[in-house]
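One structure is given below, encoded as structure tokens.
The values are calculated or read from the model by the stated rules, or taken from the named source; none is laboratory data. Computed from a prediction, not measured in an experiment: that's the story for all the values here. Cβ placement follows ideal geometry from the backbone for every residue including glycine, while neighbour counts extend to all protein chains displayed.
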Amino acid sequence: MGRWKDKYVIGLTGNIATGKSLVRRMLEHLGAYTIDADGLAHQAMAPGAPAYKPVVLTFGQWILDSERRIDRSRLGAVVFSHPEALRRLEALTHPIVIRAIDTLISRTQHKIVVVEAIKLLESPLADRVDAVWVVDADEETQIERLARRGLGREAALKRIRAQNPQSEKLARADVIIRNQGTPDETWQQVRAAWSRVQAIMQQADVDDLVRRVDVTPGQSVPGQRAITSIDIVRGMPHNAEQIASLLHRRNGRQLSRDDVIMALGQKSYMMAVADGHPLGLIGFLVENLVTRVDELFLLSEAPVRPTVAALIGAVEQASRELQSEIGYVFLPEDAGRDMVESLLQQGYQQMKIEEIKVPAWREAVRESQPVGTAIFAKKLRAERVLKPL
């Protein structure tokens, strides 16, 4: 173990569009506590956060939008065109981010931690982590992925070649994940490398069963399944076909196993199951201390209130383990009364985006709220984990 007692810390890096976040999510599914350093840097520049005023004083009021938030596209236009400007920005934000990472690692109960940072090797973190993992992909694959983000070939090449050579990262890697084949091929590499880390830590593998919830008599209604308990099972590649089937029943879209594994690189899924039969599915993301549920789907035969309680309870359990401060559920505006009352029963309150007081929370909701949904919120901690952020 290195800087953090009883913790094994993986520094995860790689150049743009190599798939770092996909690998980080895979490691989270396997049981690691994960940190997105770039996301923390964005939080550090939110209104009221410690880097906000220094950045505005350094670069000027023109980088602010109409709500006086730092417009990252305006700031990026400067710092990615002028190396000295980028160094000045990093000098303001990196010390704050490193302190935040140190706090999060020290407080988590997880024994294996992953810190994703595109500039890991250029920062003090490189000497503090126990291992450096580098995600790699060839240039054409990077260009294809950036095209899906709306960048033309020339713009993509400019961003790729503006970074330090990937070869420098590969030369310092303890583990290399080649991420240019199928999602399943990437998963197999991550799983194999994870097993080696577990051998170091002597930990057992992650069980699919998240929790079992007993259902009291009378919670079902006519037309719904009569059940005595609900199992909550985490979404993993080996049950991707079952998740695909549930998603198909929800929206009619046919998904492959690889489609679901790619989706697991963006969010987590949990299924509610009774006597081997699926009842429903929840899709959520825990990032930068904020939990966002953007999919909550029950089959018609599922007893609504106990199934919602079991799914929401499992998400809250996972969220607290990841030190999340606040939970948001985005429910379709035409959701049934039972679904709404079930959320209210779990302590959630319906609110509008302008009623969210913490800028970082408001921005997280603004960026992710699906069209046609209502916001339900619940604080998961009495105090914020990182008060300055």
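Would you please name the residue that is nearest to residue 364 (Cα to Cα), looking only at residues in segment 41-65 that are part of a loop (DSSP other than H, G, I, E, B) and touching a Pro at 6+ places or on another chain (Cβ under 7 Å)? Let's see the steps before the verdict.
Residues of segment 41-65 part of a loop (DSSP other than H, G, I, E, B): 45-51, 60, 65.
Imposing the further condition that a residue be touching a Pro at 6+ places or on another chain (Cβ under 7 Å) reduces the set to 46-50.
Values: 46: 11, 47: 13, 48: 15, 49: 15, 50: 18 Å.
Among those that are part of a loop (DSSP other than H, G, I, E, B) and touching a Pro at 6+ places or on another chain (Cβ under 7 Å), it is 46.
For (1) out of contact with any Cys (no Cβ under 8 Å at 6 or more places or on another chain); (2) assigned to a helix (DSSP H, G or I); (3) without any contact (Cβ under 8 Å) to a residue 40 or more places away in the chain, each residue gets a yes or a no:
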position: 100; (1), (2), (3): yes, yes, no
position: 114; (1), (2), (3): yes, no, no
position: 133; (1), (2), (3): yes, no, no
position: 144; (1), (2), (3): yes, yes, yes
position: 150; (1), (2), (3): yes, no, yes
position: 164; (1), (2), (3): yes, no, no
position: 192; (1), (2), (3): yes, yes, yes
position: 195; (1), (2), (3): yes, yes, yes
Log entry, pairs with first residue in segment 70-98 being more than 22 Å from residue 288 (Cβ to Cβ), second being at pLDDT 90 or above and of a type in the set (Val, Ile, Thr), beta carbons closer than 7 Å, six or more apart or on different chains, reads 88/58
Against the condition out of contact with any helix residue (DSSP H, G or I) (no Cβ under 6 Å at 6 or more places or on another chain), among the hydrophobic types (A, V, I, L, M, F, W, C) and surrounded by 22 or more Cβ atoms within 10 Å (Cβ to Cβ), how does residue 282 come out, does it pass? no
Of those in segment 148-186 that are among the hydrophobic types (A, V, I, L, M, F, W, C) and over 17 Å from residue 116 (Cα atoms), the residue surrounded by the most Cβ atoms within 10 Å (Cβ to Cβ) is 156
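Output the helices (runs of 4 or more DSSP H) that fall wholly within segment 298-389 and possess 1 or more residues being charged (D, E, K, R), surrounded by fewer than 20 Cβ atoms within 10 Å (Cβ to Cβ) and within 20 Å of the chain's Cα centre (by Cα), or say none.
Numbers: elements: 304-321, 337-345, 359-368.
Ranges flagged: 304-321, 359-368.
Filter segment 1-52 down to the residues that are in contact (Cβ under 8 Å) with a residue 24 or more places away in the chain and of a type in the set (Ser, Thr, Tyr), then identify the one that is nearest to residue 92 (Cα to Cα).
Taking the candidates together, the pick is 13.
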Residues satisfying the stated conditions in segment 241-255, i.e. among the polar types (S, T, N, Q) and at pLDDT below 90: 251, 254
Could you pull out the residue among 245, 268 that is out of contact with any Phe, Trp or Tyr (no Cβ under 8 Å at 6 or more places or on another chain) and either free of Cβ contacts under 8 Å to residues at least 60 places away in the same chain or assigned by TED's automatic domain parsing to the domain that holds residue 295 (or both)? 245
Checked 263, 244 against criteria (part of a helix (DSSP H, G or I), in contact with a strand residue (DSSP E or B) (Cβ under 8 Å, 6 or more places away or on another chain) and surrounded by 18 or more Cβ atoms within 10 Å (Cβ to Cβ)); the one match is 263
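Residue-by-condition table, conditions (1) within 22 Å of residue 288 (Cα to Cα); (2) out of contact with any Ser or Thr (no Cβ under 9 Å at 6 or more places or on another chain); (3) not hydrophobic (A, V, I, L, M, F, W, C):
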{"position": "317", "(1), (2), (3)": "yes, yes, yes"}
{"position": "328", "(1), (2), (3)": "yes, no, yes"}
{"position": "334", "(1), (2), (3)": "no, yes, yes"}
{"position": "372", "(1), (2), (3)": "no, yes, yes"}
{"position": "377", "(1), (2), (3)": "yes, yes, no"}
{"position": "380", "(1), (2), (3)": "yes, no, no"}
Condition check: more than 27 Å from residue 58 (Cα to Cα), over 22 Å from the mean Cα position of the chain (by Cα) and either assigned by TED's automatic domain parsing to the domain that holds residue 78 or not in a helix (DSSP H, G or I) (or both). Does residue 126 satisfy that? yes
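Of the residues in segment 197-206, how many are part of a helix (DSSP H, G or I) and within 23 Å of the chain's Cα centre (by Cα)?
Step one: list which residues in segment 197-206 are part of a helix (DSSP H, G or I), which gives 197-201.
Retained after the next criterion (residues that are within 23 Å of the chain's Cα centre (by Cα)): 197-198.
Qualifying residue count, segment 197-206: 2.
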